[in-house]
Each structure stands twice: as structure tokens, then as C-alpha cells.
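Scroll down for the structure; my scribbles are underneath it.
Computed from the coordinates by the stated procedures, all read-outs in this text should not be read as laboratory data. Small disclaimer: the values here were computed from a predicted structure and weren't measured. Note: ideal-geometry Cβ built from the backbone for every residue, glycine included; neighbour counts use all protein chains shown.
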Amino acid sequence: MKKIMSLGLSLRMIVVIGFCLSGCTPLAFPGNTIYDASIYHDKNKTAGIRTIRTPELNIIKTMEVGESLYEKTQRIDFDTYEVVLLENTQASLFNGGFIKATANQENVPLYTWSDKNLKAICFHAGMDYDLNKPIKICLLDIENNGLFTQAAYSYKDIMYPLSNSAQYKLISTPPKYDKGYFRYIALYQGKIDNKIKISFREFIDDTSRPAFTQDIEYQLDKDSGTVVGFKGLRIKVLKATNTDIMYSVIQDYN
């Protein structure tokens, strides 16, 4: 007989899970054991650290005074999704258990369940000590139509009907900037006589580093096509006025 730790809990999705609340004796879960539900990964997306350049190199742009000529930063992209449940739902489970989930909560990851690759959301509900693994209960979209209709234990093939079909929507997991990330910005500060001023700024953790902010004036050539530089960055100035500048970034920072 399996030893199961009962648990009632509240998550950001306000999920209530219960086992054997009427004093019943825990029994082995029915059904065939399958591989455990896991976080869904979209094969059409690329995950990992990505360098973002705005604009890309060799693209002609026009920006006004005070606007960014160039920005470079690193961010972490994900190939996963978050689920927003749009309707409340619940289900009766094996041996007196139940699950209740409320709508409109965020940051709930999308799972895939069994070799059928069903979309699911799963919640921790205790520990199976015989298998030495956490117990998770999942809501399943068995028709792949944007509706959860069944509940199941994450590694068992038995399904339990929900009291009502619950609509949900998927949101791509937003990118994030890791702690300690750097960000570089070049701002156009205008033109006086035949000189332009550009402010170069560096940020860490989205906080400006005063020692790494420099305002530099550049003398323009008589003909268009002046190239100005800073720490390996090269900007080709095609036209500059007191209000805007036409340019392209031809080389990135070192």
C-alpha cells in the first residue's frame, strides 16, 4: 500500500487540493503508471540568452533629439508558455480527493501529459513515498480545443471528469533580464554649428552607472557620411539637424 502525505494548499491560481478529508485510509492509485507530466517546450522557439540590438546593423534610421540611436542588451528567451484559466472548475478524485482551481491567475506553467502530449496545468499535492516522487494533479485538454475537461494524477492514465469545461488561454513566457545584465544606449543630444553631441550610457541591473555615462561632441565632415565611434561602436551620420539625425550603425561595441 502506498504511503501518501495529504496536503491542502493555496497557490497563485488559488488551487485547493484534498485527500482523504473524511478519515479514509489511503490506497494505491488506480491505473497504469505512465511517464510523469513535464513542462511543455515549443520546438519552434529558441530558448536561451540572446543579444538584442536596436536597430540592427546597417539599417538606415531617423531619430529625434533625445531618442536612442542604438541600444544593446542581453535577455533570456523561453520556449515555454503560461496558462491563464478563464473559468473556475473542480473535480472529485480517487479515494475522496478533490481539486478546485479558480480563474484569472497568472504565472502557471503549461505542461504536457503522457505520450498523448495533452496540454495540461499541474499542481503539487504531496509526496508518494513508495516511488519517492512528488504527487501532481493535472487539468487536461484532451481535445486540444482550449478547454480543460478532465483531471488526472500526473503519472497515472486514469482521468476524472471536471464539473465543467474550463476555458483557458496561453501566453508566451515573457523574456527576462538576468541579474547583472548590461545594457548600452547611445542617445542623440542635438547639433550645434557643425558638431553633434551623443550621450553614451551603460546600465547594470537597469540602473545607470554614472562613471560610465559620457557625453561626446563630434565634428561633422563637410560631406555626408561622417563616422563617429565609441568603444568599438561605429555610427555613420548621413544627415543631422537640431531636431533629428539620419544614420546607420555599421559596427557593434567591442
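Derived scalar couplings between HN and Hα for the range 47-59 equal 9, x, 7, 10, 8, 9, 10, 9, x, 5, 5, 6, 10 Hz in order, rounded to whole Hz, by the Karplus curve 6.51 cos²θ - 1.76 cosθ + 1.60 (θ = phi - 60°), x for Gly and Pro. Within the straight-line cut-off of under 18 Å between alpha carbons, the lysines reachable from Lys116 are Lys43, Lys136, Lys156, sequence neighbours fewer than 8 places apart in one chain being disregarded. The mean sequence separation of alpha-carbon pairs under 8 Å and at least six residues apart, normalised by the residue count of the range 127-254, gives a relative contact order of 12 percent.
Pairs spanning more than 30 Å between alpha-carbon atoms, out of Lys72/Lys197; Lys195/Lys231; Lys72/Lys195; Lys61/Lys195; Lys45/Lys231: Lys45/Lys231. Amide H contacts of Met127: Met5, Ile135, each under 5 Å away and 5 or more positions distant or on a separate chain (H built 1.01 Å from N in the peptide plane; Pro and chain starts excluded). Once backbone amide H atoms are built at 1.01 Å from N, Tyr181 has Asp205 as its partners under 5 Å, excluding neighbours fewer than 5 places away on the same chain.
Ranked for footprinting exposure by Cβ neighbours inside 10 Å, fewest first, Ile135, Ile99 give Ile99, Ile135.
Taking the alpha carbon gyration tensor of the range 24-133, multiplying each eigenvalue by 5 and rooting it gives semi-axes of 46, 17, 12 Å, largest first. Considering only alpha-carbon pairs that sit under 8 angstrom and 6 or more positions apart, the relative contact order computed for the range 43-130 is 22 percent. Along its three principal directions, the equivalent ellipsoid of the range 86-197 from the Cα gyration tensor extends over semi-axes of 47, 18, 12 Å, largest first. Were the residues from Leu170 through Glu143 laid out at 0.36 nm apart, the gain over their Cα-Cα distance would be 8.2 nm.
A simple rule links phi to the HN-Hα coupling: the Karplus curve 6.51 cos²θ - 1.76 cosθ + 1.60 with θ = phi - 60°, which for the range 219-226 gives 7, 7, 6, 5, 8, 5, x, 5 Hz, with x for Gly and Pro.
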